[in-house]
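Colleague: Take this structure, written in structure tokens, and hold onto it; I'll ask about it next.
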Amino acid sequence: MIGVETRYYMNVRVDNLLLDTALEQVESLIEQSKEDGVPRQVFFTNVHSIHLARKDTEFRRYLDKADLVLPDGSGLKIAGKVLEMPILENLNGTDFTPKVCRMAETGKWSVYLLGAREDVVKRCSEKLKERFPNLSLIGYHNGYFSKNEEDEIVEEINKKKPDILLVALGQPYQEKWIARNANRLNTHICLAVGGLFDFLAGAMKRAPLWMRKLGIEWFHRFLQDPKSKWDRILIEIPVFLSLVLQEKVISLTSKRNLNQLRWIFNGQRDRYIRS
Ligand code: UDP
């Protein structure tokens, strides 16, 4: 992919690219899928996914196999700076997906929403229609279903043939759901969008701009839902930071060792030439 550099942070994949390139990628993935009939998979990596992927090899494999994995959140920016592998742009799903919807409106791609509570996904679809009046929003289904209901849901999606399927079931279920069902879905691209429907529906408030600019939106999320998000603050962030530091030390040590080896090799060579 031109303009896309795949990198690994703590062994977890992130595609490093600018917003415009990412949107072009989405368009080209849809075009490719129209040709070969294979739905493309777009995921987002953040501190939480790195935490999950380190324990869950199936999830990590799905991230590796996806067609595009976008960097989400300030944690990755920090890791990028410390490890001297800078992230070009924070392409979190909450800001990125509405841009895809804007493209869908002009490109005439239809959209289906899968995930979140029934009242939330309904409200989210109303809000999307207000915001993008020409968007072809062809259906939605809540994300609280059993394994037995899955075939019926896939059948309903396939009847509607959406170009874009937005899946919001939380990580890692949404990525696993997409990966497991991709080969029987009649769609061109699936995006795993986490808490997006809650934000668009207004069930969850977005952090004020100053917090987003400071890169502490995660703290605002925690304040709204401390019961289910406490471990992300108290466990995942400290573990993540210590892993970043660990990787930094390893890279510094291996650089130093390499320099020492070079120094020894050059010394031996010079001695040999002189003799
Ligand atoms: N969700 C769902 N079905 C489930 C569990 C969660 O549809 O069985 C929805 C939930 O209502 C929310 C979204 O998945 O809208 C996940 O939000 P979260 O903020 O936890 O996303 P994450 O940060 O884990 O991706």
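Only the coordinates and a few stated rules stand behind these numbers; no lab work does. It should be emphasised that the depicted structure is a prediction, and the values quoted were computed from it without experimental measurement. Neighbour counts are summed over all protein chains in view; Cβ atoms, including those assigned to glycine, are modelled from backbone coordinates with ideal geometry.
Colleague: Let me know the shape class of region 5-229, please: from the alpha-carbon gyration tensor, a ≥ b ≥ c as square roots of the eigenvalues, rounded when a/c is under 1.5, otherwise prolate if a/b is greater than b/c, or oblate.
Modeller: Numbers: a/c = 1.40, a/b = 1.25, b/c = 1.13.
Since a/c stays below 1.5, the shape of region 5-229 is classed as rounded.
Colleague: A follow-up question, please. Return the distance in nm (one decimal) between the two label points of a simple spin-label model at MET1 and ARG271, each offset 7 Å from Cα along Cα→Cβ.
Modeller: 5.0
Colleague: Dipole of the chain, Cα-centred, from +1 at each Lys and Arg C-beta and -1 at each Asp and Glu C-beta, to the nearest 20 debye?
Modeller: Values: 42 positive and 36 negative charges, 235 e Å.
Using only the charged Cβ atoms, the result is roughly 1140 debye.
Colleague: Measuring from centroid to centroid over Cα atoms, what is the spacing of region 1-31 and region 141-211 in Å?
Modeller: Their Cα centres are 21 Å away from one another.
Colleague: Can you tell me the relative contact order of the chain? Whole percent, Cα pairs under 8 Å, sequence separation 6 or more. Before the final figure, lay out the partial values.
Modeller: Details: 391 pairs, mean separation 54.9, N = 275.
RCO, the chain: 20 percent.
Colleague: What does the charge dipole of region 68-224 about its Cα centre add up to, to the nearest 20 debye, if the Cβ of each Lys and Arg holds +1 and the Cβ of each Asp and Glu holds -1? Could the numbers behind the result be given before it?
Modeller: Numbers: 23 positive and 19 negative charges, 84 e Å.
Dipole about the Cα centre, nearest 20: 400 debye.
Colleague: For the pairs LYS127/LYS176; LYS122/LYS176; LYS77/LYS213; LYS65/LYS176; LYS127/LYS213; LYS34/LYS108, note any where the Cα-Cα span goes beyond 18 Å. Numbers along the way, then the final one.
Modeller: Values: LYS127/LYS176 27 Å; LYS122/LYS176 24 Å; LYS77/LYS213 12 Å; LYS65/LYS176 11 Å; LYS127/LYS213 25 Å; LYS34/LYS108 14 Å.
Going by Cα-Cα distance, LYS127/LYS176; LYS122/LYS176; LYS127/LYS213 fall outside the 18 Å limit.
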